[in-house]
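Novice: Got a structure for you, written out below as structure tokens; questions coming shortly.
The values are calculated or read from the model by the stated rules, or taken from the named source; none is laboratory data. Worth saying up front: this structure is predicted, and the values here are computed from it rather than measured. Don't worry about glycine lacking a Cβ; one is built from the backbone with ideal geometry, like all the others, and counts go over all protein chains shown.
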């Protein structure tokens, strides 16, 4: 599975299992739900209750930056895949990666 690194900026924190998380944590500390579907990964964002999708082809890691109600998912790809990035935003969540998508409720945006 692709590693996920999360950074909480400023006074932002998140409680998981009675433990308050701040600063830098790993995705498993947040108990992020992650699914692989073919050549795509889906991450269930616990902060804004969205579902983020991105291409797995060449994906090395995912950085998540949380600042208040704004959440940014940034896909880190091998160098030859960097030129194919796009960004989408919906419900306070932004995803920048190859073939990004975000679903919030019954609405999906993608590029």
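Novice: With the requirement that a residue be modelled with pLDDT of 90 or more and over 15 Å from the mean Cα position of the chain (by Cα), what does the range 75-107 give you?
Specialist: Within the range 75-107, 105, 106, 107 meet the criteria.
Novice: Name every residue in the range 4-36 that is closer than 18 Å to residue 50 by Cβ, assigned to a loop (DSSP other than H, G, I, E, B) and more than 12 Å from the chain's Cα centre (by Cα), in order of residue number.
Specialist: Hits for the range 4-36 are 12, 31.
Novice: Considering only residues that are surrounded by 17 or more Cβ atoms within 10 Å (Cβ to Cβ) and in contact with a helix residue (DSSP H, G or I) (Cβ under 9 Å, 6 or more places away or on another chain), which ones fall in the range 4-25? Quick ask: steps written out before the conclusion?
Specialist: Within the range 4-25, the first condition is being surrounded by 17 or more Cβ atoms within 10 Å (Cβ to Cβ), and the residues that meet it are 4, 6, 8, 12, 21, 25.
Correct list: 4, 6, 21.
Novice: Condition first: closer than 19 Å to residue 13 by Cα and surrounded by 15 or more Cβ atoms within 10 Å (Cβ to Cβ). Now tell me which residues in the range 26-42 satisfy that.
Specialist: Here is the first cut: in the range 26-42, the residues closer than 19 Å to residue 13 by Cα are 26-33.
The answer is 27, 29, 30, 32.
Novice: Does the range 80-88 include one or more residues that are touching a helix residue (DSSP H, G or I) at 6+ places or on another chain (Cβ under 9 Å) and more than 23 Å from residue 13 (Cβ to Cβ)?
Specialist: Step one: of the range 80-88, the residues touching a helix residue (DSSP H, G or I) at 6+ places or on another chain (Cβ under 9 Å) are none.
No: zero hits.
Novice: Between 1, 54, which is in a loop (DSSP other than H, G, I, E, B) and either loosely packed, with under 15 Cβ neighbours inside 10 Å or touching a strand residue (DSSP E or B) at 6+ places or on another chain (Cβ under 8 Å) (or both)? First the steps, then the outcome.
Specialist: Values: 54 fails: in a loop (DSSP other than H, G, I, E, B).
That would be 1, the only listed residue that is in a loop (DSSP other than H, G, I, E, B) and either loosely packed, with under 15 Cβ neighbours inside 10 Å or touching a strand residue (DSSP E or B) at 6+ places or on another chain (Cβ under 8 Å) (or both).
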